[in-house]
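What follows draws every value from the coordinates through simple rules; no lab data is involved. Given the structure is predicted, the values throughout are model-derived calculations rather than measurements. Backbone-built Cβ (ideal geometry, glycine too); neighbour counts: all protein chains shown.
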2 protein chains.
Amino acid sequence: MSDTRLSDPVEQPESELDEDDRLKHDFVRAVLDAVEADDTDEVRDLVEPLHPADIADLIELTPGDQRRALIAAIGDQIDGEVISELNDWVREELIDSLSPHQVASFAAELDTDDAVAIIEDMEEADQRAVLRALDPDDRAAIEEALSYPEESAGRLMQRELIAVPEHWTVGDVLDYLRGSEELQTDFWEIFVVDPGHRPVGTCHLSWILRTPRVVSIGDVMKREQTLIPVDLDQEEVALRFQKYALISAAVVDSSGRLVGMITVDDVVHIISEEAGEDILRLSGAGEGDINEPLPSTIRTRMTWLLINLGTAILAATVIAFFSGTIAKLVALSALMTIVSGMGGNAATQTMAVTVRALATNQLTTSNTWRMILREWWISIANGIALGFLMALGCQLYYHDTALSLILFAAMIINSINAGLSGVLIPIGLDRLRIDPAITSTVFVTTMTDCMGFFALLGLATLFNVH
Amino acid sequence: MSDTRLSDPVEQPESELDEDDRLKHDFVRAVLDAVEADDTDEVRDLVEPLHPADIADLIELTPGDQRRALIAAIGDQIDGEVISELNDWVREELIDSLSPHQVASFAAELDTDDAVAIIEDMEEADQRAVLRALDPDDRAAIEEALSYPEESAGRLMQRELIAVPEHWTVGDVLDYLRGSEELQTDFWEIFVVDPGHRPVGTCHLSWILRTPRVVSIGDVMKREQTLIPVDLDQEEVALRFQKYALISAAVVDSSGRLVGMITVDDVVHIISEEAGEDILRLSGAGEGDINEPLPSTIRTRMTWLLINLGTAILAATVIAFFSGTIAKLVALSALMTIVSGMGGNAATQTMAVTVRALATNQLTTSNTWRMILREWWISIANGIALGFLMALGCQLYYHDTALSLILFAAMIINSINAGLSGVLIPIGLDRLRIDPAITSTVFVTTMTDCMGFFALLGLATLFNVH
């Protein structure tokens with residue numbers, strides 16, 4: 001695309017990447033050929049210039065049967081950061097092949113949140129072995145993190161942060177930071193705390209840099225700050241970062257004490273995952289991860305298809321019930337699929353919009369009615385327009401006025417049914433605290449299929465069309 | 001949910017918010033009642049403590065007919081930040097009601113990227129009027145930004161940034177920052193440039209804070225940095241931020257000169273939008289924005305439904321072609337909807353996974369074949385299992401071995417057809433540089449519907465089942 005033209009003259013160290021930052025096919029090929037040829041030096045030379053995120057990509061792009069050989073070849077080029085960038089499934093496979101001491105040495109390199117991400121999915125016995133191999137400080141930090149619920153702020157946060165008392169000056173802060181060697185993490189703001197270690201304000205680093213040494217930190221900081229309760233769900237954490245454009249935020253426990261910090265780079269992938277997973281859930285593809293082992297994927301998808309088979313059979317029984325009517329006028333068997341199919345399409349539109357609006361907190365009790373009314377009018381407009389078009393076509397083709405009128409009516413009925421199902425079912429499920437993305441499709445499809453068949457065949461039976 | 005228990009004792013200034021950070025219904029109600037009663041003081045008192053993002057939410061949650069009165073009441077409580085947080089549609093409506101001078105004064109408060117976001121959607125005459133009302137520096141910056149393509153890095157970046165020469169010391173940087181009053185923006189790293197203003201390295205603020213004054217900045221900075229070409233598409237910008245966990249990044253022009261900076265808070269909402277819009281595109285709901293005016297929404301949805309009507313009619317003609325066979329065995333009319341419906345469900349799963357994998361750069365030429373093979377095996381497994389189940393049920397219900405065998409075969413054929421269509425069509429469209437999220441559904445649905453009907457009815461005709 002056009003950006004390659006411009007990006008060429010820019011000095012980019014990663015020439016192994018295409019214009020979309022993906023590893024080039026030729027590069028992956030070259031690495032795998034070297035792995036195949038057992039040419040470890042060549043493999044290591046090729047991998048050397050890669051960013052940890054690209055090494056992780058390389059491992060993911062390597063077919064399962066060559067992965068172990070690749071990992072053996074690059075050995076210590078895999079560090080904690082590479083592991084924390086790996087896809088969950090691929091990481092699990094890699095971790096399984098390592099000793100607890102190796103895993104512990106990777107975990108020790110990382111901030112608490114990344115170390116927890118590596119360790120939390122391990123089996124309990126393995127987890128204990130890794131924890132034993134860690135030094136006591138790291139172990140305590142990770143054990144505490146593991147005590148919080150999965151997918152909560154407590155798992156996402158890192159303990160490494162800067163907290164200073166309000167009476168310090170900018171000079172005190174600078175001297176403290178220059179003197180403390182052990183703190184290796186990056187940070188973007190410092191937190192000001194009271195003697196009980198409760199946050200009283202926050203201070204972006206750029207504010208400190210712009211302020212003379214003598215000024216007290218209490219005069220630089222901003223008192224209003226967004227605090228994250230330690231057991232807040234990660235989806236809400238992500239929405240909060242997004243809404244208030246946060247770079248980092250203080251995490252507090254139930255007594256309001258500062259216990260950790262979450263930075264935006266740890267939240268970015270959650271935002272992407274949470275926004276992207278709705279499409280997979282609505283379609284019943286589970287996690288939809290292309291690195292998931294095949295049997296597990298088949299199981300997930302088959303479960304969903306089995307549920308849908310139930311609804312398909314239900315809809316088919318509606319048809320079977322009217323088989324006498326179809327026998328009299330076979331044209332109905334073709335037309336009924338259009339009525340139900342169009343209802344399905346319209347419902348999918350409404351459902352997608354509703355699920356997204358719910359997920360992004362745009363749809364609240366304050367505008368629920370407005371949203372339902374919107375869909376009501378949209379479905380009526382679409383139903384009349386498409387129904388008229390279908391009826392006209394039917395009349396021209398079959399020259400059967402009764403059939404055309406019935407088709408018109410059935411299209412409008414199913415369009416309204418589709419619009420209301422598409423908006424009311426996700427909202428209803430959400431009120432019941434059931435994830436609408438996972439469960440809506442089955443109910444909505446059932447509604448549009450059954451009603452589509454029932455409306456057309458029922459009207460045809462009622463008015464005895466043949 | 002459980003987090004309310006913990007978040008209560010935490011001092012949160014925003015008590016107008018529910019546990020999901022949404023404005024409470026009662027609060028919105030109270031504001032609207034005060035607006036209705038023309039009690040401007042009450043409205044302003046209620047709105048006073050709100051964060052700009054929440055004021056924007058409040059305006060969005062207000063029904064269209066009360067919005068103007070609300071805006072008139074809160075007046076100057078709406079600042080540039082509120083406007084930049086507003087939904088596009090609502091913002092457009094608001095901007096239309098303002099004079100060019102008012103818009104210009106909002107824009108002047110903001111960083112370039114936010115000012116551009118407000119101005120870029122205005123009509124050209126209005127845009128020119130606003131630009132004329134700006135002071136020359138701001139005008140030049142915004143005009144330059146508008147010269148870059150829509151949705152490119154050039155529109156996202158801000159010109160306000162810190163760039164220093166390599167020979168400066170940390171002390172020089174601190175003195176410079178303390179001395180420059182006019183720079184009001186937040187920043188998270190400073191860029192080190194050569195005399196030609198080309199980036200040579202980057203320096204996180206925390207590194208500067210930890211380093212003694214005498215050290216040269218060239219010894220603190222990191223030479224490898226991710227540069228963003230100014231005309232890179234915003235989706236690629238977002239993926240690059242995500243992949244390399246960036247907080248901010250330098251933007252360079254075609255000659256490699258530093259022209260701006262993008263910060264992660266401007267990218268976060270793009271990540272969310274880009275990840276969320278696939279679900280809306282796949283479903284044909286367009287932007288799917290609940291604030292879009294009704295006629296525009298109806299037009300978008302109807303266009304999609306009309307295209308789908310074409311495919312539904314195409315599938316129905318397959319049925320019509322076999323009407324003789326259906327007349328002989330009406331049971332086929334019920335069974336065919338199951339075969340095509342199950343194909344549609346299976347294809348939707350595969351399609352959702354493929355579209356997501358393409359959008360997140362997980363699917364590259366290096367693993368395309370592996371992905372296709374995966375779907376091949378999944379579709380065979382699902383086809384055999386579900387086909388067997390269906391055939392068994394059919395045999396028990398209809399006692400017709402020929403029909404049951406044909407149903408079994410048709411289910412397997414359509415399952416494989418669904419799996420391959422679901423993976424090959426999005427990949428093929430992507431190779432042709434057509435957005436697979438927008439176009440896949442139509443092709444895939446046509447394939448599964450037509451093949452579902454054709455497989456069952458064709459086999460029934462061929463083997464003369466009746």
>> List the aspartates and glutamates whose Cα sits under 14 Å from the Cα of B:Lys222, skipping any in the same chain fewer than 8 residues away.
In response: A:Asp186, B:Glu166, B:Glu189
>> Quick check: pseudo-label points 7 Å beyond the Cα along Cα→Cβ at B:Gln77 and A:Glu166, how many nm apart are they?
In response: 2.7 nm
> For A:Val214 and B:Ser216, what does the FRET efficiency come to when R0 = 25 Å and r is the distance between their Cβ atoms, rounded to the nearest 0.05?
Replying inline: 0.45
>> At 7 angstrom along the Cα-to-beta-carbon line, where would the label on B:Ser255 sit relative to the other copies? Give the distances in nm, shortest first.
In response: 6.3
>> If amide hydrogens are placed 1.01 Å from N in the peptide plane, which non-local residues have theirs closer than 5 Å to the one on B:Thr169?
In response: B:Ile217
> Taking every residue in B:285-292, how many Cβ atoms of other protein chains lie within 10 Å of its Cβ, on average?
Replying inline: 5
> Mind listing the phi-derived Karplus ³J(HN,Hα) values for the range B:233-247, rounded to whole Hz, using 6.51, -1.76 and 1.60 with θ = phi - 60°, and x for any glycine or proline?
Replying inline: 5, 4, 5, 5, 4, 4, 5, 5, 4, 5, 4, 9, 6, 7, 9
>> Run the reach check for B:Lys328 against lysines, Cα to Cα strictly under 23 Å, same-chain hits fewer than 8 apart removed. What comes back?
In response: A:Lys328
>> Taking each pair of distinct Cα atoms in the range B:23-65 once, what is the resulting Kirkwood hydrodynamic radius in Å?
In response: 10.4 Å
>> What does the charge count around B:Gly344 come to, taking other residues whose C-beta lies under 13 Å from its C-beta (Lys +1, Arg +1, Asp -1, Glu -1)?
In response: -2
> Roughly how many whole Å is it from the C-alpha centroid of the range B:18-71 to that of the range B:439-466?
Replying inline: 54 Å
> Between copies, how far does the label point of A:Arg44 sit from its twins, in nm, shortest first, when each point is 7 Å from Cα along Cα→Cβ?
Replying inline: 7.2
> Just from its helices, what would the mean residue ellipticity at 222 nm be for chain A, if runs of 4 or more DSSP H residues each count -39500 (n - 2.57) and the sum is divided by every residue, rounded to the nearest 500 deg cm²/dmol?
Replying inline: -21000 deg cm²/dmol
>> At R0 = 22 Å, how high is the FRET efficiency between A:Asp45 and A:Gln102 if r is their beta carbon distance? Nearest 0.05 is fine.
In response: 0.40
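Loop only by DSSP, 13 or fewer other Cβ within 10 Å of the Cβ. Give me the GluC sites (Glu not before Pro) in the range B:120-151 that pass, ordered by residue number. Could you put the intermediate results ahead of the total?
On the way: sites: B:Glu120, B:Glu123, B:Glu124, B:Glu143, B:Glu144, B:Glu150, B:Glu151; in loops: B:Glu120, B:Glu123, B:Glu150, B:Glu151.
The qualifying sites are B:Glu123, B:Glu150.
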> aspartates and glutamates within cross-link reach of A:Lys24: Cα-Cα under 15 Å, excluding same-chain residues under 8 positions apart?
Replying inline: A:Glu14, A:Glu16, A:Asp33, A:Asp54, A:Asp57, A:Glu60
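DSSP loop (so not H, G, I, E, B), at most 11 other Cβ within 10 Å: list which trypsin sites (Lys or Arg not before Pro) in the range A:198-253 pass both filters. All intermediate terms of the calculation are to be shown ahead of the outcome.
Values: sites: A:Arg210, A:Arg213, A:Lys222, A:Arg223, A:Arg240, A:Lys243; in loops: A:Arg210, A:Arg213, A:Arg223.
Here the trypsin sites (Lys or Arg not before Pro) that fit, given the DSSP loop and packing criteria, are A:Arg223.
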> What are the extents of the Cα atoms of the range A:294-462 along their three principal axes, listed from largest to smallest and rounded to whole Å?
Replying inline: 50, 42, 25
> For A:Arg67, B:Arg155, A:Arg132, what's the fewest-to-most ordering of other Cβ within 10 Å of each Cβ?
Replying inline: A:Arg132, A:Arg67, B:Arg155
> Which distances, shortest first and in nm, link B:Glu120 to the matching position in the other copies, using label points set 7 Å out along Cα to C-beta?
Replying inline: 3.5
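With charges set only on the Cβ (+1 for Lys and Arg, -1 for Asp and Glu), what does the dipole of the protein assembly as shown come to about its Cα centre, in debye to the nearest 20?
It works out to roughly 5080 debye.
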>> Just want the answer: with Cβ charges of +1 for Lys and Arg and -1 for Asp and Glu, which residue in B:Ser206, A:Ala385, B:Tyr397 is farthest toward the dipole's positive end in the protein assembly as shown?
In response: B:Tyr397
> What is the set of long-range amide H partners of A:Ile162 at a cut-off below 5 Å, with H atoms built 1.01 Å from backbone N?
Replying inline: A:Phe191
> How far is the Cα center of the range A:267-314 from the Cα center of the range B:110-160, in Å?
Replying inline: 42 Å
>> If you scale each eigenvalue of the Cα gyration tensor by 5 and take the root, what three semi-axes come out for the protein assembly as shown, rounded to whole angstrom and sorted largest first?
In response: 52, 35, 26
>> Rounded to the nearest 20 debye, what is the charge dipole size of the range B:285-404 about its Cα centre when +1 sits on each Lys and Arg Cβ and -1 on each Asp and Glu Cβ?
In response: 180 debye
> Short version: ³J(HN,Hα) in whole Hz for each residue of the range A:286-299, in order, from phi by Karplus 6.51 cos²θ - 1.76 cosθ + 1.60 (θ = phi - 60°), x for Gly and Pro, what are they?
Replying inline: x, 6, x, 8, 6, 9, 5, x, 3, x, 5, 4, 4, 4
> Give or take rounding to whole Å, what are the principal axis extents of the alpha carbon atoms in the range A:163-281, in descending order?
Replying inline: 55, 28, 27
> Summing Lys, Arg as +1 and Asp, Glu as -1, what charge do residues with Cβ under 14 Å from the Cβ of A:Asp126 carry, A:Asp126 excluded?
Replying inline: -4
>> If I model a spin label at B:Glu124 and A:Leu306 as a point 7 Å from the Cα along the Cα→Cβ vector, what separation in nanometres do I get?
In response: 6.2 nm
>> With θ taken as phi - 60° and the coefficients 6.51, -1.76 and 1.60, list the Karplus ³J(HN,Hα) couplings across the range A:349-359 in order, rounded to whole Hz; mark glycine and proline as x.
In response: 4, 4, 5, 4, 5, 5, 4, 5, 5, 5, 5
> Taking amide hydrogens as modeled 1.01 Å from N in the peptide plane, which residues meet the under 5 Å criterion relative to A:Val252, leaving out close sequence neighbours?
Replying inline: A:Ile228, A:Val230, A:Val259
